[in-house]
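The values are calculated or read from the model by the stated rules, or taken from the named source; none is laboratory data. On a predicted model such as this, the values are computed, not experimentally measured, just so you know. Every residue, glycine among them, receives a Cβ derived from its backbone with ideal geometry; neighbour counts consider all protein chains shown. For the accessible areas, the whole protein counts, side chains as well, though only heavy atoms, and no ligand, DNA or RNA atoms are used. Shrake-Rupley method; radii C 1.70, N 1.55, O 1.52, S 1.80 Å.
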Amino acid sequence: MINVTTRWKKSGFYFVISLFIIYLLSNLIAFQIFKYNAIERIATFQHLNHGRYDKISKDIELLVSRLSLTCDKRDINIIRDFASTSNNIRIIQLITNHKLCSIYGKKPAVTDYYSKKKAIQSGKLSIHNYTNNRLIFNYQINPTSKISVVSESIDPFYINHMISNQNISIFIECNNQKLKLSHNSGYISKLYSFKYKLDNGYTLVISINEKGINNIKKEYLYIFILLGIICFLLCLAFALNHDKNKSIQQLIQQGLNKGEFIPYYQPIINSKTQQLVGCEVLVRWKRCNGEIFPPYLFIKNVENCHLIYPMTKSMLQQVLANFTQVQVNDNFCASINVTPQQLENLQFMAECINIIESQKTHCPNIALEVTERMKFTDIDKAKSVMTHLSDYGIKLKLDDAGTGFGGFSYLQTLPLDTIKIDKMFIDTIGTNDMKRDILKAIINFGHETNLEMIAEGVETQQQVDYLAKKNVHIIQGYLYAQPMPFCKFKQYIKQFSHNQSNKKAASCEAAFLLIHHRYSTQE
């Protein structure tokens, strides 16, 4: 009994000492927690995206070596093929000998917005901030030739989880030059700052201020109090490293087995009738610790390891099961994203039809969205499969219209019903961006071919009003709603139906009063 009592006293003493040490070192410990999280997230981010930003300079050199620098038809085709197949680059523009060409042909693809911003220079390459959290890389080929490429959006995978009230500063550094990546303001203490070296001579400089340190201390307060420093370090190491030795493919496969990939729903509204006409189904990875990852962080790996097929079937099954819980109108359509390769696989699509057939009594209209940013490898096979799907009653939509490989040739070859106008073009409304002409061309093409058009990424009433003038009324975007889990989407549908019923009732009442007034006047 004495030994047990003594042991408990020693344990209590050590626990108190641990708390005191944690209190003395709390700022340093909080900074180490932040640093560890940031480094782990950066490393995972690079792995998931195949070192996207480290490879761009090499990609540019490879692209330049293939070009004739004449902006002829061959150069334009090379530029388009390169942009459509690259995981790193979204937009390419070449200026050579007073000639200009880009992924849009002879039309410019980038503005001079970046030229007024601070840049970092590395030999012939200069890097600027660009719009929508993207970077633009300018490479001076020779005195009369320059190529500009715009990267995909700067993924906030390792930033958003830790940023609070603009407490973090993030720079990219090269040759004693710095380029700011975050948008915080105010002074950031150098006391809590560290560097993370990337390839090709670039370094990330990440700092956090005192307020950010205090936020982290509050977030991990329960660990400081209950476990002490040793338990805290062990638990944190386990929490952060238990998946470290597992490959991304294993993690994704385990996630599928555990049902961690779930559908989120973003409503689609007819701005003219104010009716809910459908939704887009967007996959999210909800880990066992509650953390939710958006698709751009894992979807490339899912496709590369051929797990997109079971994931799509899982999404379809979950969507059909969810819609047994709500009632939607006959015109309502739920859109699920697929790859061109899936639309070339008749057996896979037959399995999808069987899944739909099993829930036909409660099944909403189903549409499949295929992105234009990926190639079809066998157009004839795709046409045959898509015709079969169309005959069955499944709608087919072209996503990201105007941004990728196929151009409008897909619309002339494949049995597509709808084009979705990419947010890149919607963002040009109310600006002087030259891509406004492309937006007008897409809308005109849609009207001429009698294709349904859906505007994606709509965030302002100004954009809705502009599109309405162009007779485009089907709207998807944050102006109406963000993607949401089904429990919230179900409430959204009920609330939307309730509002519509109230409007109809008010309209009927107004009509009755008008008729009654006319009748009374005649009397």
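Would you mind telling me the share, in percent, of accessible area of the range 266-424 contributed by carbon and sulfur at probe 1.4 angstrom?
Heavy-atom surface of the range 266-424 belonging to carbon and sulfur, 1.4 Å probe: 48 percent.
Just the accessible area for Lys272, please: 1.4 Å probe, Å², rounded to the nearest 10?
Accessible area of Lys272: about 150 Å².
Just subtract the alpha-carbon distance of Lys494 and Asp81 from 0.36 nm times their residue separation and send over the number in nm, one decimal.
144.1 nm is the gain from fully extending Lys494 to Asp81.
Keeping all protein chains in the complex and leaving out DNA, RNA and ligands, what accessible area do you get for Ser358 with a 1.4 Å probe, in Å² to the nearest 10?
Only protein atoms counted, so the area is about 90 Å².
Considering only protein heavy atoms, with the full assembly of protein chains and a 1.4 angstrom probe, order Met374, Met424 by accessible area, largest first.
Result, largest first: Met374, Met424.
Determine the order of Lys435, Lys146 by accessible area, beginning with the largest, at a probe radius of 1.4 Å.
Lys146, Lys435
With every protein chain present, what accessible area does Thr371 have (1.4 Å probe, heavy atoms only), rounded to the nearest 10 Å²?
30 Å²
Need the full-extension length gain, Thr449 to Lys99, defined as separation in residues times 0.36 nm minus the C-alpha distance. One decimal, nm.
So the extension gain works out to 122.7 nm.
Place +1 on the Cβ of every Lys and Arg and -1 on the Cβ of every Asp and Glu in the range 249-398, take the dipole about the Cα centre, and give the residue among Ile355, Gly259, Thr377 whose Cα lies farthest towards its positive end.
Selected residue: Gly259.
Only Cα pairs under 8 Å and at least 6 apart count here; give the relative contact order of the range 243-330 as a rounded whole percent.
Over the range 243-330, the number comes to 25 percent.
Give a quick list of GluC sites (Glu not before Pro) in the range 270-338 that DSSP marks as loop, anything other than H, G, I, E or B, with at most 14 other Cβ atoms within 10 Å.
Here the sparse-neighbourhood loop sites are Glu291.
Grab the beta carbon distance between Gln249 and Ser68, set R0 = 30 Å, and tell me the FRET efficiency rounded to 0.05.
The value I calculate is 0.15.
Between Ala468 and Met434, what is the label-to-label distance in nm when each label sits 7 Å out along the Cα-to-Cβ direction?
3.3 nm
Which entries of Lys218/Lys490; Lys118/Lys195; Lys146/Lys197; Lys272/Lys397 have Cα-Cα distances beyond 23 Å here?
Lys218/Lys490; Lys146/Lys197
With a 1.4 Å probe and all protein chains kept in place, how do Cys279, Cys305 rank by accessible area, largest first?
So the residues, ranked largest to smallest area, are Cys305, Cys279.
Summing Lys, Arg as +1 and Asp, Glu as -1, what charge do residues with Cβ under 14 Å from the Cβ of Gln140 carry, Gln140 excluded?
Every neighbour counted, the sum reads +1.
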